[in-house]
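Enquirer: Before we start, here is the structure in question, set down as structure tokens.
The values are calculated or read from the model by the stated rules, or taken from the named source; none is laboratory data. What you see is a predicted model, and the numbers here were worked out from it, not measured in a lab. Positions of Cβ are generated from backbone atoms using ideal geometry, with glycine treated the same way; all protein chains shown enter the neighbour counts.
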Amino acid sequence: MNRPQDNTTLRNNSMFLGVFMFMFGFLKYFEPFRTMFEAQITESGMPRLSIPLGKVGELAIGLGLLLPASFRREIPHLYRPIVFVASAGLVVNMGVATYVHVQPEVPANVLPLGVKPPFIPLFVMSLAVVNLYQACRGNGRQIHGQAETARGFGRLQT
């Protein structure tokens, strides 16, 4: 059971994804990214409300991954649940990004790096799935260890 390595993978992956998501969410408020993002949403047929929700969602997911990784020693019992929720949100966010990429009406020149196939969203989604796996795996070990301790303690008293 290589728990320190699991923690390192989760922390590093969370920090990378947090910086990535926060940076791209922040950039979407400025030109030319603002216009490109608006074109992506409009051309894909999604409602206009998706524009501000997408921007705020990316910023929130970025912070949801960065802050727990930065303060994991101060909030050890909240670290994995927060990272799990942020990573699950990232999977949904990248699912929407994949949907936008595959829409024939969305031109490649408004997509990141001008790449039409959804390589970037699928790659980011796979990293988020690694986070989900690592967060669950760590929580399962903690819960299993607590259950073993509780059962062992109960047997000693009876």
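Enquirer: If LEU53 satisfies all but one of (1) in a helix (DSSP H, G or I); (2) within 24 Å of LEU113 (Cβ to Cβ); (3) in contact (Cβ under 8 Å) with a residue 12 or more places away in the chain, what's the number of the condition it fails?
Expert: Going through (1) in a helix (DSSP H, G or I); (2) within 24 Å of LEU113 (Cβ to Cβ); (3) in contact (Cβ under 8 Å) with a residue 12 or more places away in the chain one by one, LEU53 breaks only (3).
Enquirer: Give me a count of the residues in region 103-135 that are surrounded by fewer than 17 Cβ atoms within 10 Å (Cβ to Cβ), among the β-branched types (Val, Ile, Thr) and closer than 30 Å to ASN7 by Cα.
Expert: Residues meeting the conditions: 2.
Enquirer: Just for region 56-77: of the residues that are assigned to a helix (DSSP H, G or I) and β-branched (Val, Ile, Thr), which one is surrounded by the fewest Cβ atoms within 10 Å (Cβ to Cβ)?
Expert: VAL56
Enquirer: Read through the list (1) in a helix (DSSP H, G or I); (2) at pLDDT below 95; (3) not basic (Lys, Arg), then give the number of the only condition that MET1 fails.
Expert: Only one criterion in (1) in a helix (DSSP H, G or I); (2) at pLDDT below 95; (3) not basic (Lys, Arg) is unmet by MET1, namely (1).
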